[in-house]
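Below: one structure, written as structure tokens.
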Amino acid sequence: MAEEEINIPSLVIVLLVTGLAVRYFFFSGNASSANRQPGGTGGATPEELQRRREREREAAVETIQQMFPQVDRRTILWDLQRHGGNLQATTERILAGRTETPPITFQPPPPPSSPETTAAAQQSAAAAAASKYAEKKVHPDLITRYNLRDKLASAPSEDAGTAAAGAPKTGGWSSNREERQSLLRKRRDQMIIEARRKMEAKIAAEKTAAAAASGSAAAGDN
Amino acid sequence: MSLNVAQRRLLQEYRALTNNPPEGITAGPISEDDLLHWECLIQGPEGTPFEGGVFPAELKFPNDYPHMPPTMKFLGDIFHPNVYPSGLVCISILHPPGDDPNHYETASERWSPIQSVEKILLSVMSMLAEPNDESPANVEAAKMWREKRSEYEARVKASVRASLGL
């Protein structure tokens, strides 16, 4: 009981703080989109101005980060903020190594989460999930899975020869670990290739049978 | 390198399976660095729609093998009443030892340390030939197998061909 008495107020506080944080982080985005919908007021609202400034700032940060990937976002934002957002001046200061380390109290705004990017992120996540699902659902065939295309392409007679040569060897247990491993792989590959050859022959036989049947049927029609 | 009980036992089984491989079965650890993770190939039994196919599956052994059974999962598409759509195989020999809480299986059908990888693989092979209708893992497959057998067989045959890249 005592635990619950402590937990409920603290839970309320946690929820309150989370709510405020979410409101703080997403307020501008929500407000502007809410304002835009009734829209058509002509002039730019303060929210829109702020959004534009944010976009410009993010673009500047991105440009600098592309040039200097080693400089972290916080330093760039600090420098931009201190020198009026002049991209060129900041670039020069980074080049000269004259950037200052931002004070601990400096809290840079979080990376943008504009509706476009979140939509894109959601879309890509959905695509990833879909591809994952597809991967799970559609398995590659055995030839692809075990990389047997080359072996399959080699002449069947040659293959039979190696199979015959390998047959007495594959039965045994080698004391060498690598050899064991490669023998196991060989047996596995052979099993798949044999199955594939048999199936090919079967399909070919079926086809000729079908062709013969349809041929005679066509002949009958004529 | 000192091996624990599970690893020693698995190495021994691997050796037996290499020296006397059962017809239509190839099995062994993917890498001997991890003896608890095997991959095996099972040939489709003749006279069944799985005939001509080769089915890869992975076996994962617990650290307390052989006291507890491994899990087995087919790595390709298998449309079978006793194989979950994820590939996981559901047969009595893979169930932990002891009596079945639902009283479907007797203790002798379930896993016990006297069973082996070879017995599992042979059981799975016969499962492919004769599905157990009582506890379906894939309800769709079970229903089709029961009610529209020719459709089921055609579907299995097509997937066998596809799995061989044909």
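On the stretch given as region A:64-86, residues that are farther than 17 Å from A:PRO109 by Cα and under 32 Å from the mean Cα position of the chain (by Cα) total 5.
Within region B:23-36, residues that are in contact (Cβ under 8 Å) with a residue 12 or more places away in the chain and more than 7 Å from chain A (Cβ to nearest Cβ) sit with their Cβ atoms under 6 Å from residues that are buried (at least 16 other Cβ atoms within 10 Å of the Cβ) and assigned to a loop (DSSP other than H, G, I, E, B), at 6+ positions apart or across chains, in these pairs: B:PRO29/B:LEU35; B:LEU36/B:PHE61. Scoring B:SER108 on the criteria (1) free of Cβ contacts under 8 Å to residues at least 12 places away in the same chain; (2) closer than 29 Å to B:LEU35 by Cα; (3) surrounded by 13 or more Cβ atoms within 10 Å (Cβ to Cβ) leaves a single failure, condition (3).
Out of the residues in region B:141-160 that are within 14 Å of chain A (Cβ to nearest Cβ) and surrounded by fewer than 16 Cβ atoms within 10 Å (Cβ to Cβ), state the one that is farthest from A:ILE143 (Cα to Cα). The selected residue is B:ALA154. Across region B:74-105, the number of residues qualifying as crowded, with 17+ Cβ neighbours inside 10 Å, not in a loop (DSSP other than H, G, I, E, B) and not polar (S, T, N, Q) comes to 5.
Tallying residues that are more than 14 Å from chain A (Cβ to nearest Cβ) and under 17 Å from A:ALA195 (Cα atoms) within region B:48-93 yields 1.
Values in this text are rule-based calculations from the coordinates and carry no lab data. Keep in mind that this is a model prediction, so the values were computed, not measured. Cβ coordinates were reconstructed from backbone atoms using ideal geometry, including for glycine residues, and neighbour counts include every protein chain displayed.
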